[in-house]
1. Considering (1) in a helix (DSSP H, G or I); (2) out of contact with any Cys (no Cβ under 7 Å at 6 or more places or on another chain), say which one residue 62 fails and leave the rest.
2. If you scan segment 253-274, which residues turn out to be out of contact with any helix residue (DSSP H, G or I) (no Cβ under 6 Å at 6 or more places or on another chain), closer than 18 Å to residue 203 by Cα and polar (S, T, N, Q)?
3. Of the residues that sit in segment 82-115 and are out of contact with any Lys or Arg (no Cβ under 8 Å at 6 or more places or on another chain) and open to solvent by 80 Å² or more (accessible area, probe 1.4 Å), which one is farthest from the ligand (Cβ to nearest atom)?
4. Checking residue 79 against (1) farther than 21 Å from residue 155 by Cβ; (2) touching a residue at least 24 places away in the same chain (Cβ under 8 Å); (3) open to solvent by 30 Å² or more (accessible area, probe 1.4 Å); (4) hydrophobic (A, V, I, L, M, F, W, C), only one condition comes out false. Which one?
5. Does residue 221 qualify as being at pLDDT below 95 and surrounded by fewer than 15 Cβ atoms within 10 Å (Cβ to Cβ)?
6. Report, by residue number, each residue of segment 12-48 that is away from the ligand (no atom under 12 Å from the Cβ), crowded, with 16+ Cβ neighbours inside 10 Å and not polar (S, T, N, Q).
Amino acid sequence: MTKGHTQTNQPVSVIGLGAMGSGIASTFLDAGCQVSVWNRSRKKIDALASLGAHACDSPTNAIQASPHIVVCLTGYAAWENVIQDHRLQNHLEDKFIIQLTGGTIDEVQTHASLIEENRGRIADGALMCFPRQLGTEDASLLMAGKAEVLEECDGLLRLLDPNWTNLGDDLTKPSILSRSLTAGIVTSLIGLLNGMAICRAGGIPLELFMQHMEKAESIVPAEKRRLIEAVREGRTEETQASIKTWTGAHETIHSVAEQLGTNLVLQDSIKFVLQEGQRLGLGEHDLSAIIDVFISKKA
Ligand SMILES: NC(=O)c1ccc[n+]([C@@H]2O[C@H](COP(=O)([O-])OP(=O)(O)OC[C@H]3O[C@@H](n4cnc5c(N)ncnc54)[C@H](OP(=O)(O)O)[C@@H]3O)[C@@H](O)[C@H]2O)c1
């Protein structure tokens, strides 16, 4: 096989057949790979076997079946249990472990040491998409690892995301980038739910909220880009709407939410962040200057 290219019938194993692991295995099957699968509960193995995968009775069999092994479990603790229960460390030599389980910085580092101490090769990654998007232009796979390891895995990675992102050899980078992106997404979605609660408490139908939400949020992508550029270029002082202005606007949001009797846990947090910005002397600066509130004093 040419390095970095997949061929029909390329063997690959997938350990963990949850929503994402099953999506990964079926994407490889669709591409003509020879896929071996293992999962803790048997039903999911059988579902993949009915699509043409080779069913493994143990994770040890799955590791032995292919040079490349994709791992996708709930978390690293689950993977550690699997390793310990089946003494997998004895079967890692010369294996390429493509770790796509989401983990913390410590977990990624500890895991990488374990694989390398046992003469395995490690590539660590994070998927920023739904299983249904795998293999399409909408997939998003962030990867890190030694150049030669990523090159060796490239063909398989391209089956999952034709334009996968190489973040270099620091294995913790996919975890850090995916968590920082998710921080923005989860905060925005929770904000939406808070807005819905305020709307409902005020007797406005959610249908009307939805109609106007799309229009109101149409400015958000461009505003997010503007904030990133302002921080990147050090232009957080120039503004058309200062932190002081935003604080005033937020006071009315807080007051409406309070008057309608909704839980203020989110609005109190936002109020605190804006107050911190003012306390740091950033009241006349652009909203982008709020980054200073979040930057660790240790940095
Ligand atoms: N689903 C998504 O849309 C999505 C998107 C991006 C990233 N991800 C990431 O992909 C990873 C997997 O997510 P998922 O959605 O596939 O999760 P999931 O559907 O909940 O599947 C979890 C998998 O972990 C296995 N597992 C859990 N505890 C275990 C243990 N102690 N020992 C052995 N196996 C264990 C489960 O086995 P059983 O079947 O036996 O329970 C199952 O195969 C996560 O890190 C997640 O953050 C998921």
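1. (2)
2. Across segment 253-274, the qualifying residues are 255, 259, 263.
3. My answer is 90.
4. The failed condition is (3).
5. yes
6. 12, 28, 29, 31, 33, 35
Here is a yes/no grid of residues against (1) part of a helix (DSSP H, G or I); (2) in contact (Cβ under 8 Å) with a residue 12 or more places away in the chain; (3) within 21 Å of residue 275 (Cα to Cα):
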{"position": "204", "(1), (2), (3)": "no, no, no"}
{"position": "207", "(1), (2), (3)": "yes, no, no"}
{"position": "212", "(1), (2), (3)": "yes, no, no"}
{"position": "217", "(1), (2), (3)": "yes, no, no"}
{"position": "221", "(1), (2), (3)": "yes, no, no"}
{"position": "227", "(1), (2), (3)": "yes, yes, yes"}
{"position": "231", "(1), (2), (3)": "yes, yes, yes"}
{"position": "236", "(1), (2), (3)": "no, yes, yes"}
{"position": "244", "(1), (2), (3)": "yes, yes, yes"}
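The values are calculated or read from the model by the stated rules, or taken from the named source; none is laboratory data. Worth saying up front: this structure is predicted, and the values here are computed from it rather than measured. Here Cβ is always computed from backbone atoms with ideal geometry, including for glycine, and neighbour counts include all displayed protein chains. Keep in mind that these areas ignore ligands, DNA and RNA; they rest on the heavy atoms of the full protein, side chains included. Shrake-Rupley method; radii C 1.70, N 1.55, O 1.52, S 1.80 Å.
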